[in-house]
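The values are calculated or read from the model by the stated rules, or taken from the named source; none is laboratory data. Predicted, not measured: the structure shown is a model, and the values here were computed from it. Every residue, glycine among them, receives a Cβ derived from its backbone with ideal geometry; neighbour counts consider all protein chains shown. In case anyone asks, the SASA skips ligands and DNA or RNA and just uses the protein heavy atoms, side chains included. Shrake-Rupley method; radii C 1.70, N 1.55, O 1.52, S 1.80 Å.
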Amino acid sequence: MTGRFRAIVVGGGPAGMAAAHMFSKAGIDFVILERRPSIWEDVGASLVLIPNALRVFGQIGILDKLYAMSIELGETFTVTEKGRIRRFSTAFSRLKKNHGYGGQIFNRAHLVQTLYDTLSEPAKSNVFTGKKAVSFTVNDAGVSVHCADGTRYDGSIIIGADGVHSAVRQSMHALAQQSKPSSPPLDGIDQEPFVCEYRVMWCSFPKQGEPHTPGRQWMTHAKDHSVQFLAGHERCWIFVYEKLQAPRKASQRYTQEDIAAFAENLGDLAVGEKLNVRDVFKQRYHAGMADLEEGVLEHWSRGRFVLVGDAAHRFTPNQGLGFNNGIQDVVALTNELYNIAQGSRGWLDGEMTGQNISSDEREEDSGPSTEALAAAFQRYQETRMEQTKKDLKISAFVTRFSAWKTGFHWFFDSWIMAFMQDFFESLMIDRFVGEGQRKGLVLDFLEGEELRTGAIPWVHPIPKRTSKA
């Protein structure tokens, strides 16, 4: 075990890379363990960042780099399954007017690579690839992560940023059972804690011509199916959603043959105005498929384990709220760790924070106790829980609305939205989505300036720089 406080982050995806940036700003020692052989791996997916996440990256100082490699999300067109345009929306322009930021479309792999490239050299040296975590050791002195290649990493806490099939979460479950072997599993800490009602196939393909210009989004609505089509600068992405015959807890794994059969079965579904699923699937660069887990855990931590992002909550991706909530998780957790660090100067990185911390001080103070960490983790969860559950409901509604789960969804989409689109879009953007955006968290220890503002003020302002005498 280490004598200095260190956070071990399991998972080097977008949330893990965001944690590397925030911990660097907070002066918290860390290592990132990514199971893949490279940080950059193109699996054909895209991500959309919305105001509260973009604002945090602005506070960190890398927003310009992110804007340079993404495209602003503009108009949204909704079409029938045959490609006839039903309506047109500028909802993201309204979002930008309200908050100063709109939506930005990213190639997921390029985003992860840019988050890595913008780290300082010392921070990059703490990121390790090819490190599949296979077991964990924990006691009151600290933690150890044992990797498949035989290496071991010692630290003070383990942060599970390892996605929906989190090994860290499974270890939390095992720890809970070991402590009370005769008791049933703790609510929310289970081997399969989420429920799947839908599945999605995605693929990336070359950019298309008019009218599918870069920055546009096209939505195809149909009974039990929907298509989301995002057009980028150099490539496009589709996400084809399908309702499962019955809900299930254990998600299914899909082969490339399964993916091809799915695409052929739904090949006639419109993609935008002039294409269909079969057309674009033939042009694919990469493709994947997965069941869509949904749910929010009741327990996000235990002892020296704590979860962020998809390891703690899982949304359907139509609204893009999953990763954006993961960023907010990392912000809230970083704030808690930084705040308890003020009573434990020895475990802050003096070079990062500007504090003159001697080696003796570091040796004497290895950080807060397990009890203090558990209390901080509980505060972190309480800070995030309400908004996370609200965003789960928003994502679930949009998925079912788009794929017409019931006759009500069809009627609302086909008739009510035809006559009252502006009213309901303003309600969604200003109240439901906007409420979560205006309450977006920032790093409460990192001074700076608001880069962008809109008509709706932020609840949590970025701390202003203080003048030095």
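Before we move on, is K393 touching a strand residue (DSSP E or B) at 6+ places or on another chain (Cβ under 6 Å), surrounded by fewer than 16 Cβ atoms within 10 Å (Cβ to Cβ) and either assigned to a helix (DSSP H, G or I) or not β-branched (V, I, T) (or both)? Before the answer, list the steps.
On the way: touching a strand residue (DSSP E or B) at 6+ places or on another chain (Cβ under 6 Å): no; surrounded by fewer than 16 Cβ atoms within 10 Å (Cβ to Cβ): yes; either assigned to a helix (DSSP H, G or I) or not β-branched (V, I, T) (or both): yes.
Criteria not met by K393.
Within the bounds of segment 101-116, is there any residue that is closer than 21 Å to L446 by Cα, touching a Leu at 6+ places or on another chain (Cβ under 6 Å) and either modelled with pLDDT of 95 or more or open to solvent by 10 Å² or more (accessible area, probe 1.4 Å) (or both)?
Start the filter on segment 101-116 by keeping residues that are closer than 21 Å to L446 by Cα, which leaves 101, 115-116.
With the extra rule that they be touching a Leu at 6+ places or on another chain (Cβ under 6 Å), the set shrinks to 101.
Next, only the ones that are either modelled with pLDDT of 95 or more or open to solvent by 10 Å² or more (accessible area, probe 1.4 Å) (or both) stay: 101.
The answer is yes, given that some residue of segment 101-116 is closer than 21 Å to L446 by Cα, touching a Leu at 6+ places or on another chain (Cβ under 6 Å) and either modelled with pLDDT of 95 or more or open to solvent by 10 Å² or more (accessible area, probe 1.4 Å) (or both).
Among the residues of segment 117-139, is there at least one that is open to solvent by less than 30 Å² (accessible area, probe 1.4 Å), part of a strand (DSSP E or B) and free of Cβ contacts under 8 Å to residues at least 60 places away in the same chain? If you could, list the steps in order and put the result at the bottom.
First, pick out the residues of segment 117-139 that are open to solvent by less than 30 Å² (accessible area, probe 1.4 Å): 119, 123, 127, 131, 133.
In the following step, the residues that additionally are part of a strand (DSSP E or B) were identified as 127, 133.
Applying the additional criterion that residues be free of Cβ contacts under 8 Å to residues at least 60 places away in the same chain yields none.
No, every residue in segment 117-139 fails to be open to solvent by less than 30 Å² (accessible area, probe 1.4 Å), part of a strand (DSSP E or B) and free of Cβ contacts under 8 Å to residues at least 60 places away in the same chain.
Considering only residues that are outside any loop (DSSP other than H, G, I, E, B) and either free of Cβ contacts under 8 Å to residues at least 12 places away in the same chain or more than 19 Å from S93 (Cβ to Cβ) (or both), which ones fall in segment 436-469? So that I can check it myself, show each step before the final result.
Filtering segment 436-469 down to residues outside any loop (DSSP other than H, G, I, E, B) leaves 436-438, 448, 464.
G448, K464 - these are the residues of segment 436-469 that are outside any loop (DSSP other than H, G, I, E, B) and either free of Cβ contacts under 8 Å to residues at least 12 places away in the same chain or more than 19 Å from S93 (Cβ to Cβ) (or both).
Does S144 satisfy the condition of being touching an Asp or Glu at 6+ places or on another chain (Cβ under 6 Å) and crowded, with 17+ Cβ neighbours inside 10 Å? Spell out how you get there, then give the answer.
Values: touching an Asp or Glu at 6+ places or on another chain (Cβ under 6 Å): yes; crowded, with 17+ Cβ neighbours inside 10 Å: yes.
Spelling it out, S144 is indeed touching an Asp or Glu at 6+ places or on another chain (Cβ under 6 Å) and crowded, with 17+ Cβ neighbours inside 10 Å.
With the requirement that a residue be crowded, with 18+ Cβ neighbours inside 10 Å and part of a helix (DSSP H, G or I), what does segment 398-408 give you?
Result: V398, T399, R400, F401, S402.
Could you list, in sequence order, all residues of segment 222-234 that are open to solvent by less than 50 Å² (accessible area, probe 1.4 Å) and touching a strand residue (DSSP E or B) at 6+ places or on another chain (Cβ under 6 Å)?
D224, H225, S226, V227, Q228, F229, L230, G232
Of all residues in segment 437-469, which are surrounded by 12 or more Cβ atoms within 10 Å (Cβ to Cβ) and basic (K, R)?
Passing the criteria: R438, K439, R452.
With the checklist (1) closer than 23 Å to S369 by Cα; (2) open to solvent by less than 20 Å² (accessible area, probe 1.4 Å); (3) in contact with a strand residue (DSSP E or B) (Cβ under 8 Å, 6 or more places away or on another chain) in hand, flag the one item M22 doesn't pass.
(3)
Conditions tested, residue by residue: (1) within 25 Å of the chain's Cα centre (by Cα); (2) within 21 Å of S46 (Cα to Cα); (3) among the aromatic types (F, W, Y); (4) not in a strand (DSSP E or B).
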residue	(1), (2), (3), (4)
P193	yes, no, no, yes
P211	no, yes, no, yes
G215	yes, yes, no, yes
W218	yes, yes, yes, no
S226	yes, yes, no, no
L230	yes, yes, no, no
E242	yes, yes, no, no
P247	yes, no, no, no
I259	yes, yes, no, yes
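Given the conditions (1) of a type outside the set (S, T, Y); (2) open to solvent by 30 Å² or more (accessible area, probe 1.4 Å); (3) touching a strand residue (DSSP E or B) at 6+ places or on another chain (Cβ under 9 Å); (4) closer than 15 Å to V330 by Cα, and given that G16 satisfies all but one, which numbered condition is not satisfied?
(2) is the only condition that G16 fails.
Of everything in segment 350-387, what is among the small types (G, A, S) and either modelled with pLDDT under 50 or on the phi < 0 side of the Ramachandran plot (or both)? Give them in sequence order. Reasoning before the result, please.
Filtering segment 350-387 down to residues among the small types (G, A, S) leaves 350, 354, 358-359, 366-367, 369, 372, 374-376.
Matches in segment 350-387: G350, G354, S358, S359, S366, S369, A372, A374, A375, A376.
Is it the case that segment 237-244 has a residue that's farther than 24 Å from D413 by Cβ, surrounded by 14 or more Cβ atoms within 10 Å (Cβ to Cβ) and at pLDDT 95 or above?
No.
Just one of (1) under 30 Å from H165 (Cα atoms); (2) among the basic types (K, R); (3) over 19 Å from the mean Cα position of the chain (by Cα) trips up R108, so point out which.
Of everything listed in (1) under 30 Å from H165 (Cα atoms); (2) among the basic types (K, R); (3) over 19 Å from the mean Cα position of the chain (by Cα), R108 misses just condition (3).
Which one of the conditions (1) farther than 30 Å from K274 by Cβ; (2) at pLDDT 95 or above; (3) acidic (D, E) does D187 fail to meet, given that it meets all the rest?
For D187, the exception is condition (2).
Note down all Cβ pairs under 6 Å where the first residue falls in segment 145-167 and is aliphatic (A, V, I, L, M), the second is surrounded by 19 or more Cβ atoms within 10 Å (Cβ to Cβ) and part of a loop (DSSP other than H, G, I, E, B), and they're at least six residues apart or on different chains.
Final answer for the pair search is I157/R304; A161/G11; A161/V308.
Against the condition on the phi < 0 side of the Ramachandran plot, in contact with a Pro (Cβ under 6 Å, 6 or more places away or on another chain) and touching a residue at least 24 places away in the same chain (Cβ under 8 Å), how does H99 come out, does it pass? Even if it seems obvious, please write down each step before you answer.
Numbers: on the phi < 0 side of the Ramachandran plot: yes; in contact with a Pro (Cβ under 6 Å, 6 or more places away or on another chain): yes; touching a residue at least 24 places away in the same chain (Cβ under 8 Å): yes.
Spelling it out, H99 is indeed on the phi < 0 side of the Ramachandran plot, in contact with a Pro (Cβ under 6 Å, 6 or more places away or on another chain) and touching a residue at least 24 places away in the same chain (Cβ under 8 Å).
In segment 25-48, which residues are open to solvent by 30 Å² or more (accessible area, probe 1.4 Å), within 19 Å of the chain's Cα centre (by Cα) and of a type in the set (D, E, K, R)?
Matches in segment 25-48: R35, R36, E41.
Mind listing just one residue for me: the one in segment 152-184 that is closer than 13 Å to G303 by Cβ, in contact with a strand residue (DSSP E or B) (Cβ under 7 Å, 6 or more places away or on another chain) and open to solvent by 20 Å² or more (accessible area, probe 1.4 Å) and, of those, modelled with the lowest pLDDT?
Residue satisfying both the conditions and the ranking: L175.
Every residue in segment 132-149 that is under 11 Å from G303 (Cβ atoms) and among the aliphatic types (A, V, I, L, M), please.
Selection gives V138, V143.
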